[in-house]
Amino acid sequence: AKKENGNKVVLYNEEITKEKNYRYQVEARLRKAITNEKIEVYYQPKIDARGDVLTGVEALLRWTDEELGFVQPDVFISVAEETGLIHRLWEVAMKQACCQVRIWNGNREVPLNLAVNFSAKQFQDPAALVRQVKDFLSECQLDPTHFEVEITESTLLYNMNETIKALKELQDYGISVSIDDFGTGYSSMSYLKNLPINCLKIDRSFIQDIKENYDNAQIPEAIINLARSLRLQVIAEGVEEEYQKEFLIKNKCYQMQGYLFSKPLNRIDFEQQWLLRE
Ligand code: C2E
Ligand code: CA
Ligand code: CA
Ligand code: CA
């Protein structure tokens, strides 16, 4: 038995070493990819389910490396957060997405909103961040009221006072703030009330728990009610099934995102599938 355990430990260590090596490779290749502009923004539609109207897009980064192949966003984003590359990735997302949405909006009666994901690490220098956001928007001439920041609960807890100050400034400028993956973090209800936020984004794990008979729907229902009583907007992500959509509509949560409507798409596919046929 001892020997068996010993072997397991060795195997386990080997796994960790492999994983570490992979992350080193990802870091090295990611630096190159950023410099060589190999990172691409994909756009996932946000829908108003009253009529299935396209209201906006979330920018999501995609990277296929020549050596590593497709790298999961969760993986390269976390490597980027650990190594300080996240800010450069964010610049890639901002530059591509803001200018692209501005172009699309030039042809639209009702403009699209653009949501971009921000990492906690970026709020280490909140004043600089706010300045850069404003610079990107004015450079691309994207109206701040059509721009949305997605942060997670952990971002709010990290560097709290500074982050809140930055978010307030962004809000004063017309930008809205959403809490991503809501319900998976540690926000306490008591301080949610006083935070500079506009919208709760129900985490997709809760939406996927909703079954055909509406079993397991207590948590999304509670979040929708919480949003209502705090006068916040609410959006559901990860909507894959018609009955999940029906449940949300019954509970008056009309903003949705998920494979039921569309996967994230590259610029060309998004234009073909969502803009040209309007
Ligand atoms: P997220 O911000 O929670 O993004 C939603 C994720 O759910 C995306 O995964 C999206 O493709 C996926 N998704 C959307 N609808 C469905 C659905 O109906 N079913 C399922 N199963 N999945 C759905 P993705 O693109 O792999 O991104 C993963 C995470 O990587 C993101 O989670 C976000 O935390 C991070 N990420 C991606 N792009 C950026 C970025 O530009 N900046 C930062 N900071 N993080 C990013
Ligand atoms: Ca997000
Ligand atoms: Ca999310
Ligand atoms: Ca996430």
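Numbers for the structure displayed
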| read-out | value |
| --- | --- |
| Leading residue by the ranking (nearest to N117 (Cα to Cα)) among those in region 142-158 that are more than 15 Å from ligand 3 (Cβ to nearest atom) and modelled with pLDDT of 95 or more | F147 |
| Test: residue in region 253-275 that is in a loop (DSSP other than H, G, I, E, B) and over 22 Å from the mean Cα position of the chain (by Cα) | no |
| Per-region count, region 219-248, residues of a type outside the set (D, E) and closer than 23 Å to Q273 by Cβ | 7 |
| Selection from region 233-250 of residues that are among the charged types (D, E, K, R), under 14 Å from K211 (Cβ atoms) and assigned to a helix (DSSP H, G or I) | E242, K245, E246 |
| When residues of region 137-155 are limited to those that are in contact (Cβ under 8 Å) with a residue 40 or more places away in the chain and in contact with a strand residue (DSSP E or B) (Cβ under 9 Å, 6 or more places away or on another chain), the one farthest from D74 (Cα to Cα) | L142 |
| All positions within region 223-264 that are within 16 Å of ligand 2 (Cβ to nearest atom) and touching a Pro at 6+ places or on another chain (Cβ under 8 Å) | A236, Q257, F261, S262 |
| Residue selected from region 122-162 under the condition in contact with a Phe, Trp or Tyr (Cβ under 6 Å, 6 or more places away or on another chain) and not in a helix (DSSP H, G or I), by the criterion nearest to ligand 1 (Cβ to nearest atom) | I151 |
| Total residues in region 197-216, condition surrounded by fewer than 20 Cβ atoms within 10 Å (Cβ to Cβ), in a loop (DSSP other than H, G, I, E, B), modelled with pLDDT under 95 and not basic (K, R) | 5 |
| Every pair of residues 6+ apart whose Cβ atoms lie under 7 Å, when the first sits in region 44-56 and is assigned to a strand (DSSP E or B) while the second is surrounded by fewer than 17 Cβ atoms within 10 Å (Cβ to Cβ) and among the aliphatic types (A, V, I, L, M) | I47/V53 |
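The values are calculated or read from the model by the stated rules, or taken from the named source; none is laboratory data. This is a predicted model, so every value here is computed, not measured. Using ideal geometry, Cβ is built from the backbone for each residue, glycine included, and neighbour counts are taken over all protein chains shown.
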